[in-house]
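Student: I have a structure here, written as structure tokens, and I will follow up with some questions on it.
The values are calculated or read from the model by the stated rules, or taken from the named source; none is laboratory data. For clarity, every value in this text was computed on a predicted model and none was experimentally measured. Here the Cβ positions follow ideal geometry from the backbone for every residue, glycine too, while neighbour counts run over all protein chains shown.
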Amino acid sequence: MNLVWIGVLLFGYGLGCTVNYLADVLPIHRRFTAPVCTSCHEPLPPMQFFWPGGACPSCQMRASVRTWIVLVAFPLAVLALWLWTPPRLGFWVGSLLLAYFALVAITDLEYRIILHPVSLAGALGGLALGWYLHGLTTTLIGGAAGFGVMLVLYYFGELFARFISKRRGQEVEEVALGFGDVNLSGVLGLILGWPGITLGLLFGILLGGVTSAGIILVAVLRRKYQMFTAIPYAPFLILAAIFLLYRP
């Protein structure tokens, strides 16, 4: 292992630390603060930003499994980007975009939210990246298409939930899509451009549908199936975008 590889691994580790920090802090405080415990939300020693091996001084809770997965996976992923750099993105943009995708996916999986400031930052970065990759017109059309298609699906889900609530006489609180998914689709539309966003949405929806069917099947076999159980949708849209953007 040469010094360049060590530098790349350290850069990836730093990105992983940043993703963990943002995923722990932003959903709770909606702003940048000192690192906080995800259990009791009390401040942690600053050093735990870099090495979360110690327990929380307040509740003795240790770092989550996700924290360690990110710290192990990110250096390896960034090293892979260094060795097999995606031609459309390059190493630096590819690494930063991967960190953004990871942050969105983690907050959606753990908190069922995609924060508006994160979406706004993604839109600004996506506009710049899309402009560079496709030109301004294609980028704006892609962003509008991604946002518009998912907005229609979002309102269709709202109407369906109201219809089911009225038929059952009981409010259905879970919805298939949140507005954060609409915003994310707009961001991905800016990045993928037009007509790339059509494939991105198609692959994401298909992947989400297959996964949902698998989850339902397992739940039925285990006799634990519950209707209208929502699953986070952002990871499927992100996986589709990664496939389209990072392929050789």
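Student: Taking the conditions exactly as written (of a type in the set (Ser, Thr, Tyr), at pLDDT below 90 and not in a helix (DSSP H, G or I)), does THR33 satisfy them or not? It would help to see each step written out before you state the result.
Tutor: Details: of a type in the set (Ser, Thr, Tyr): yes; at pLDDT below 90: yes; not in a helix (DSSP H, G or I): yes.
Judged against the criteria, THR33 is a match.
Student: Could you give every pair whose Cβ atoms fall below 6 Å, whose first residue belongs to the range 34-45 and is at positive phi, and whose second residue is at pLDDT 80 or above and not in a loop (DSSP other than H, G, I, E, B), counting only separations of at least 6 or pairs across chains?
Tutor: These pairs meet every condition: HIS41/ILE28.
Student: Within the range 36-68, can you find the residues that are under 16 Å from ILE106 (Cβ atoms), in a loop (DSSP other than H, G, I, E, B) and among the polar types (S, T, N, Q)?
Tutor: THR38, SER64
Student: Determine whether GLY125 is more than 27 Å from LEU26 (Cα to Cα) and out of contact with any Cys (no Cβ under 7 Å at 6 or more places or on another chain).
Tutor: no
Student: Further question on the same structure: Of these, ALA73, ALA77, which one is in a helix (DSSP H, G or I) and either touching a strand residue (DSSP E or B) at 6+ places or on another chain (Cβ under 7 Å) or without any contact (Cβ under 8 Å) to a residue 60 or more places away in the chain (or both)?
Tutor: When all the criteria are applied, what remains is ALA73.
Student: Here's another thing I want to ask about it. Residue by residue through the range 212-237, note down the ones that are modelled with pLDDT of 70 or more and in contact with an Asp or Glu (Cβ under 9 Å, 6 or more places away or on another chain).
Tutor: Once the filter is applied, which keeps residues that are modelled with pLDDT of 70 or more and in contact with an Asp or Glu (Cβ under 9 Å, 6 or more places away or on another chain), the range 212-237 yields PRO232, TYR233, ALA234, PRO235, LEU237.
Student: Counting just the residues of the range 19-30 that are under 18 Å from the mean Cα position of the chain (by Cα) and either surrounded by fewer than 17 Cβ atoms within 10 Å (Cβ to Cβ) or not assigned by TED's automatic domain parsing to the domain that holds TRP51 (or both), which one comes out nearest to GLN48 (Cα to Cα)?
Tutor: Looking at the filtered set, the residue picked out is ILE28.
Student: Let me ask something else. Looking at (1) within 16 Å of the chain's Cα centre (by Cα); (2) of a type outside the set (Lys, Arg); (3) outside the structural domain of TRP5 (by TED's automatic domain parsing); (4) modelled with pLDDT under 95, which is the one condition that is false for ALA161?
Tutor: (1)
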